[in-house]
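Throughout, read-outs are computed from the coordinates displayed, never taken from laboratory work. Fair warning: this is a prediction, and the values are worked out from it, not measured in the lab. Neighbour counts run over all protein chains shown; Cβ positions are idealised from the backbone, glycine included.
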Amino acid sequence: MKTKITELLGIKYPIIQGGMAWIAESNLAAAVSNAGGLGLIAGGSAPIDYLREQIRKCKELTDKPFGVNIMLMAPNAAELAQLVIDEKVPVVTTGAGNPSKFIPAWKEAGIKVIPVVPSVALAKRMERAGADAVVAEGTEAGGHIGEITTLCLVPQVVDAVEIPVIAAGGIADGRGIAATFMLGAEGVQVGTAFLASDECVIHPTYKEIVVKAKDTDSIVTGRYTGHPCRGAKTRFSKKLASGERDGSMSPDEFENITLGSLRKAVQDGNIDEGTFLCGAIAGLINEIKPCKQIVEEMFEQAEKLLPNK
Ligand code: TUI
């Protein structure tokens with residue numbers, strides 16, 4: 001399938017793997033790139049030496065393009081912004097902030113820049129700042145989210161900018177790809193479906209939570225801290241939500257309790273204290289498969305549904 005995104009990135013299928021903090025490392029990124037998509041290594045707030053090692057490992061595991069996601073709220077975002085230049089990473093995506101100040105240096109280094117945006121206003125700003133494409137991420141996505149649904153956000157961003165738009169949030173099969181392509185997207189970003197992949201290195205409990213989730217099993221917490229995040233409904237996330245709702249937990253307490261909870265989910269599968277971020281589409285995912293099979297099945301289904309592809 002050829003689109004402006006496959007051309008821009010030099011990949012076979014117009015699919016980017018989400019840059020999931022604490023999760024997206026070299027094995028997953030290389031598996032998605034080897035499957036014909038664009039794998040991403042997540043910057044998160046990991047130490048710079050660890051990220052350098054992950055980038056180098058990824059280059060050993062694939063000769064295909066891959067990228068790094070820079071989470072702009074991370075304290076070491078500026079350091080990582082330089083690392084991707086030094087390590088000649090071909091593609092950078094960003095999340096949780098405005099990357100304008102970094103874009104000129106990335107472009108100068110020949111890096112393709114694709115910010116994730118939750119609104120039309122930010123998409124326009126990114127186009128003016130020199131971005132090559134944007135990911136329009138709807139509120140169905142896992143992790144840190146905006147307020148607008150994918151169905152409403154994607155066509156408005158498509159109308160507002162000239163650069164290609166990649167849709168994200170709620171896409172886990174070929175119907176999701178076809179639907180967002182009908183809205184004008186030229187690619188998709190997928191996170192949750194890759195959580196349930198053989199190559200994803202998260203704790204088995206995390207994969208089980210995704211596979212067992214049903215439609216009503218995702219929940220948004222942290223709106224009152226200014227950093228709303230979507231994840232799986234567990235006893236822990238329901239406790240956070242009720243503390244937020246009835247005022248019994250202050251935003252400071254919330255931040256303290258959730259600090260480190262991503263790591264506890266990903267590495268320890270700690271159901272009592274871990275935050276298992278995932279998108280609202282988790283209910284559609286019922287088995288663990290290799291990344292190659294996930295990508296090929298999605299596009300086989302999408303191609304049957306889409307005219308002229
Ligand atoms: O970034 C994400 N998803 C994430 S980041 C993350 S780690 C984290 N943990 C706790 C609190 C916050 C983050 C987990 N999941 N997706 C992309 C995304 N970007 N969603 C929303 C945004 C966004 C929000 C505001 C992008 C730009 C923005 O700009 C505000 C401004 O500065 O204008």
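With a cut-off of 13 Å between beta carbons, the residues surrounding Ser197 carry a summed charge of -3, where Lys and Arg count +1 and Asp and Glu -1.
Extending 7 Å from Cα along the Cβ direction at Thr205 and again at Glu297 yields two label points whose distance is 2.6 nm.
A simple charge model with +1 on the Cβ of Lys and Arg, -1 on the Cβ of Asp and Glu and nothing else charged puts the dipole of segment 52-200 at about 320 debye relative to its Cα centre. Only helices reaching 18 angstrom along their own axis (Cα) with mean Kyte-Doolittle hydropathy no lower than 0.0 count here, and not one DSSP H run of the chain does. For segment 1-143, just say rounded, prolate or oblate: build the C-alpha gyration tensor, square-root its eigenvalues into a ≥ b ≥ c, call rounded for a/c under 1.5, and beyond that prolate if a/b exceeds b/c, oblate if not. It comes out rounded by the Cα gyration axes.
Extension gain, Ser45 to Lys57: 0.36 nm times the residue separation minus the Cα-Cα distance gives 2.5 nm. Take every pair of alpha-carbon atoms less than 8 Å apart whose residues are at least six positions apart; their mean separation over the length of segment 204-282 yields a relative contact order of 37 percent. In percent, rounded to a whole number, the relative contact order of the chain is 17, using alpha-carbon pairs under 8 Å and six or more apart.
Taking Lys and Arg as +1 and Asp and Glu as -1, the other residues whose beta-carbon sits under 15 Å from that of Gln156 total -3.
Can you give the alpha-carbon Rg of segment 214-309 over 2.2 N^0.38 Å, where N counts its residues? Its radius of gyration relative to the 2.2 N^0.38 Å reference: 1.39. Of all beta bridges that DSSP places with both ends in the chain, some 20 percent have antiparallel geometry.
Extension gain for Met73-Asn98 works out to 8.0 nm (0.36 nm per residue, less the C-alpha to C-alpha distance).
Its Cα centre serving as origin, segment 204-282 has a Cβ charge dipole (Lys and Arg +1, Asp and Glu -1) of approximately 300 debye. In terms of its alpha-carbon gyration tensor, segment 89-210 comes out oblate; a/c meets the 1.5 threshold, while b/c is at least as large as a/b. Measure off 7 Å from each Cα along the Cα-to-Cβ vector at Asn308 and Asp198, then give the distance between these two points in nanometres to one decimal. Taking the two extended label points, one gets 3.8 nm.
A helix-only calculation puts the chain at -12000 deg cm²/dmol for mean residue ellipticity at 222 nm, using -39500 (n - 2.57) for each DSSP H run of at least four residues, averaged over all residues. On a straight-distance basis, which lysines could pair with Lys304 in a cross-link, Cα separation under 19 angstrom, same-chain partners fewer than 8 positions away excluded? Leaving aside lysines fewer than 8 places away in the same chain, those within reach of Lys304 are Lys2, Lys12, Lys292. Counting only aspartates and glutamates at least 8 places from Lys207 when in the same chain, those with an alpha carbon closer than 18 Å to its own are Glu25, Asp173, Asp198, Glu199, Asp215, Asp217, Asp268, Asp272, Glu273, Glu287.
Apply the a/c threshold of 1.5 to the C-alpha gyration tensor of the chain and tell me whether it is rounded, prolate or oblate. Cα axes put the chain in the rounded bin.
Ranking Cys278, Thr225, Thr258 by how far each Cα lies toward the positive end of the dipole of segment 204-282 (charges on Cβ) leaves Cys278 at the top. Taking GluC sites (Glu not before Pro) across segment 195-303, the ones in a DSSP loop with at most 15 further Cβ atoms lying within 10 angstrom of their Cβ are Glu273, Glu287. The residue among Ile177, Gly247, Ile288 whose Cα reaches farthest toward the positive pole of the charge dipole of the chain, with charges on the beta-carbon of Lys, Arg, Asp and Glu, is Ile177. Charged side chains reduced to their Cβ positions (Lys and Arg at +1, Asp and Glu at -1) give the chain a dipole of some 300 debye around its Cα centre.
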